[in-house]
Every structure is written in structure tokens, then in C-alpha cells.
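Colleague: Would you mind keeping the following structure in view while I ask a few things?
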Amino acid sequence: QVQLAESGGGLVQAGGSLRLSCTASKSLFGINAMGWYRQAPGKQRDRVAVISNNGATNYADSVKGRFTMSRDNARNTVYLQMNSLKPEDTAVYYCNALLGVNNYWGQGTRVTVSS
């Protein structure tokens, strides 16, 4: 098992930036992949970005060129740097860890982008 703790959400104006953090309770080397997902009110939870064990990243088309996911293995932490934020980025952002065949989720952190 792994516990995930997110932080860094908040209220920001359109065009601004935020950095989300997710710290895992175990080494990232034991986790197949880490990801960020988001869920807007009344909508399904969608994948935003994923980083694999070898550091390869993949992004949703809606955030390419604006968001960057990275990892700090020494801190067991992944980050999501979000730039040029838009009102449509408003959502609760969840950290995800794929461990074997099991998915683990953080409690979520809210991001609100005002126009």
C-alpha cells in the first residue's frame, strides 16, 4: 500500500501559476507510475499527466505546453507545475499511484482559476 498527500492548491487568476505537490509514503522506485487527475463539478475524473518509473511523461492535450510533471525521488514527491492557468482548469486535483495492479489516490486539492 501507499498513502499520498497532496498540497499546493488554491485560488489564482487566469494566466497565473500554481505548483501542486504529492508526497508518497514509500519510495517512488517501488511505484510503477504516478499521475495527476482532475475532476470538475459534475464531470468525470480525467487524467492530466503521468510520469513513469523511468521519468517519461505524458500529458492530456488540454494541458500540453502549460503543465509540467516532475519527480524528486529523494523526497518521494511528484510535482505538477501549472502555468498559464485558465478558468477551465478549475477542478479538484488528485494524485494517483499505480502499484502493481492497484491504484491509490490522495484526498485531492482544489484549484480555482478566476477569470
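The values are calculated or read from the model by the stated rules, or taken from the named source; none is laboratory data. Predicted, not measured: the structure shown is a model, and the values here were computed from it. FYI the Cβ positions are ideal-geometry reconstructions off the backbone, even for glycines, and counts take in every protein chain you see. Please note that ligands, DNA and RNA were not included when accessible areas were found on the heavy atoms of the full protein model with its side chains. Shrake-Rupley method; radii C 1.70, N 1.55, O 1.52, S 1.80 Å.
Colleague: Restricting to the range 17-36, what's the tally of residues that are open to solvent by 20 Å² or more (accessible area, probe 1.4 Å) and either within 14 Å of GLU88 (Cα to Cα) or part of a loop (DSSP other than H, G, I, E, B) (or both)?
Modeller: Qualifying residue count, the range 17-36: 5.
Colleague: Which of the residues that make up the range 83-108 are touching a Ser or Thr at 6+ places or on another chain (Cβ under 6 Å) and surrounded by 15 or more Cβ atoms within 10 Å (Cβ to Cβ)?
Modeller: Across the range 83-108, the qualifying residues are THR90, TYR93.
Colleague: Hey, any hits in the range 59-68 for a residue that's in a loop (DSSP other than H, G, I, E, B), open to solvent by 40 Å² or more (accessible area, probe 1.4 Å) and more than 14 Å from VAL111 (Cα to Cα)?
Modeller: yes
Colleague: Go over the candidates GLU6, GLU88 one by one and state the one that is farther than 24 Å from SER115 by Cα and either among the charged types (D, E, K, R) or part of a helix (DSSP H, G or I) (or both). Steps first, answer last, please.
Modeller: On the way: GLU88 fails: farther than 24 Å from SER115 by Cα.
Of the residues listed, the single one that is farther than 24 Å from SER115 by Cα and either among the charged types (D, E, K, R) or part of a helix (DSSP H, G or I) (or both) is GLU6.
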